[in-house]
1. With the condition being polar (S, T, N, Q) and modelled with pLDDT of 95 or more, I'd like the strands (runs of 3 or more DSSP E) fully within the range 272-385 carrying at least 2 qualifying residues.
2. Tally time: how many residues in the range 261-282 are surrounded by fewer than 21 Cβ atoms within 10 Å (Cβ to Cβ) and out of contact with any strand residue (DSSP E or B) (no Cβ under 9 Å at 6 or more places or on another chain)?
3. If you take the residues of the range 544-569 that are closer than 15 Å to residue 600 by Cα and touching a strand residue (DSSP E or B) at 6+ places or on another chain (Cβ under 9 Å), which of them is most open to solvent (accessible area, probe 1.4 Å)?
4. Being on the phi > 0 side of the Ramachandran plot and either touching a residue at least 12 places away in the same chain (Cβ under 8 Å) or in a helix (DSSP H, G or I) (or both) is the filter here, so list the residues in the range 47-76 that pass it.
5. For the range 615-636, which residues satisfy the criterion of being closer than 14 Å to residue 603 by Cβ and either open to solvent by 80 Å² or more (accessible area, probe 1.4 Å) or among the small types (Gly, Ala, Ser) (or both)?
6. Name every residue in the range 217-233 that is of a type outside the set (S, T, N, Q) and more than 21 Å from residue 161 (Cα to Cα), in order of residue number.
7. Out of the range 589-609, which residues are among the small types (Gly, Ala, Ser) and within 14 Å of residue 573 (Cβ to Cβ)?
8. Report yes if residue 433 is more than 26 Å from residue 367 (Cα to Cα) and either in contact with a helix residue (DSSP H, G or I) (Cβ under 8 Å, 6 or more places away or on another chain) or surrounded by fewer than 19 Cβ atoms within 10 Å (Cβ to Cβ) (or both), otherwise no.
Amino acid sequence: MKKFLFLLTGLMCMLVSCGGGEDEILDSPDNPNTPNNPTPAPKPDDSNTVKLTAAGTLKTTLGENYLDISTLKIVGPINGNDVYCLREMMGGGEDKSVRANLSYLDLSEAKIVEGGNWYVIDYRSEEHYTSNNEIGNFMFSECNLLRSIVLPNNVKSICDYAFNNCTSLTSITIPNGITSIKYHAFSSCTALNSITIPNSIVSIESSAFNSCNALKSVYISDLRTWCNIDFEEFTANPLSNGAKLYLNNKELSELVIPNDVKEVKTYVFAGSAIKSVTINNGAIGENSFSNCNALTSVSIGNSVTKIGKEAFYSCEALKSVYISDLKAWCNIDFEDFSANPLSNGAIPYLNNKEVSEMVIPNDITKIKPYVFAGSGITSVTIPNSMTSIGGYAFENCSVLTSVYISDLKAWCHINLENPTANPLSNGAKFYLNNKEVSELVVPNDIYSVKSYTFYGSKITKVTFPNMIFPYVSIGYSCFSNCDALTSVIIEENSISLVGEYAFADCNALISVKIGNSVGGICSHAFEDCDFLISVTFPNNNDFWIGTYAFQNCDALNSITIPHGGIMDYAFQNCGALESISLGQNVRDIGAYTFNNCIALTDVYCYMTTPPYIFRTFDNISKNNCLYVPTGCSSSYRSSDWGKYFNNIVEME
């Protein structure tokens, strides 16, 4: 019997000696109380529980050794005096050198009431007092010993900075009944690794969980309620640190939004670790899935009507978007580029079939803004039925290389809201009935070529033939940024107007021939065509050249303008321009028209009466030659022309 007791005693000693300390238990991978399962507060026994009958009596009730207490439960009312005492006990008092030990606090049966002195003075020197049923501003901020707390059951809100910088806090129990978590409430709680959000929560304010970098588990019990919380911004959401979401203790990595949820509100899943999401109807709020770095696929139902700004911002792993109705997809209101889940380079799947070569069916007449923005589609076929394409619909489609149509006239009449509404704007090649169009001949039976129609395309030459209908115009920025375009020909009885920015930034453009039917060239029409050498202007008495029309055409060497008017800045900064010939029917010359044409040497002016000019030839040499009709030199010298030219010579 003695031998048995000796062996038993030895075995017990071995077990005691092998047992780790508290830190070792927390770090053990096999222990259920590891970061995803935080250490619960030790249940206070009777000696750790204090019952207060009157607020303001905590310190007196605990006695002189109150700073030695490490675990405490309070039953009854507490006010500012009691909170001040608790802050001292948790290392958050005014005197940081005071030895303190309280790490586990249970207030489930406590009641916070107004009264008593202030419990803290904040960094703005503002005093804070308790209010009924409220975790007040800064109430437990910087209580660095606090590891676990259970809040009072009757509390309604957690106020500004309530637990800010509680760097040891790992666990908090928030009772059902709290409706709001305020500004910076848990910011910089760097040890907090999980939290349960009750169904009663209605709103969470800005930065409530900012810099809670260890927070990796968020527990909820009702997905519908969660989708309806008002998060003020990204770090208001406890998921924003890359946390996993648990619904009734089961991880939601593949999220399906219930059909009766009519709106997924702002920031609801922002920054979370979800991997896929299915949303069948309703609206998706701003930033609702932004920065979801693990998100790889999204399924959007036919009844989804609106997706808010930046809903899928920076979801860089998102490469698959599933839809079942292309017409419904084209009708979604995307509020900006990253509202679209395709915007991260994703490929659309139509009825589970990959669609990198997108064919728009004939029953679709309109495409709303941003519909294919940023997508991984490589080609698109636009039907003849298409009447309008919304702004940015094909913005940043970097792998889109081919655009197919079957009716050029129909294409020219599509209303494109801005440049990147056009799928050609990504530098795509243009195919008419499956044949590449590099040398474009515009149909002669059109009424106009609409704005942005060939913006950014790879066509090399464009010809406008004699037109059937009068007053045909080239729309705003119609051929802008066509960096392969070298030649533009407008026949004698062709279009009547070249619109604003029509050929701006066509950096390969060398020659332009403008027929007599053209009545005007609008502002900026050929601006920044760096290699434009030759321009033939029409013999049209009503012809005019708009402001900045040829500004910054650095290679333009000489021009002859027989008729019409020239508006302000029309040829400004044409640094290679050496010779200008102005016909006898040129009636107006605007201000700064040839400003900074530093290579200019000769100007031929065939008007017998000097036209009025104002700073037309600023920043050029006065030693240049002005050639004028016989007998007109004196009138030119006495006019404003004489201010710019010392050499005025009469032509024979």
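1. 276-284, 297-307, 379-381
2. Total meeting the criteria: 0.
3. Applying the filter and picking the extreme gives 560.
4. Across the range 47-76, the qualifying residues are 56, 76.
5. Passing the criteria: 621, 622, 623, 633.
6. 219, 220, 222, 223, 224, 226, 227
7. 599
8. Values: more than 26 Å from residue 367 (Cα to Cα): no; either in contact with a helix residue (DSSP H, G or I) (Cβ under 8 Å, 6 or more places away or on another chain) or surrounded by fewer than 19 Cβ atoms within 10 Å (Cβ to Cβ) (or both): yes.
Considered against the rule, which asks whether it is more than 26 Å from residue 367 (Cα to Cα) and either in contact with a helix residue (DSSP H, G or I) (Cβ under 8 Å, 6 or more places away or on another chain) or surrounded by fewer than 19 Cβ atoms within 10 Å (Cβ to Cβ) (or both), residue 433 comes out as no.
The values are calculated or read from the model by the stated rules, or taken from the named source; none is laboratory data. Predicted, not measured: the structure shown is a model, and the values here were computed from it. Note that we place each Cβ from the backbone using ideal geometry, even for glycine, and neighbour counts take in every protein chain shown. We work out accessible area using only protein heavy atoms, side chains counted, and drop any ligands, DNA or RNA first. Shrake-Rupley method; radii C 1.70, N 1.55, O 1.52, S 1.80 Å.
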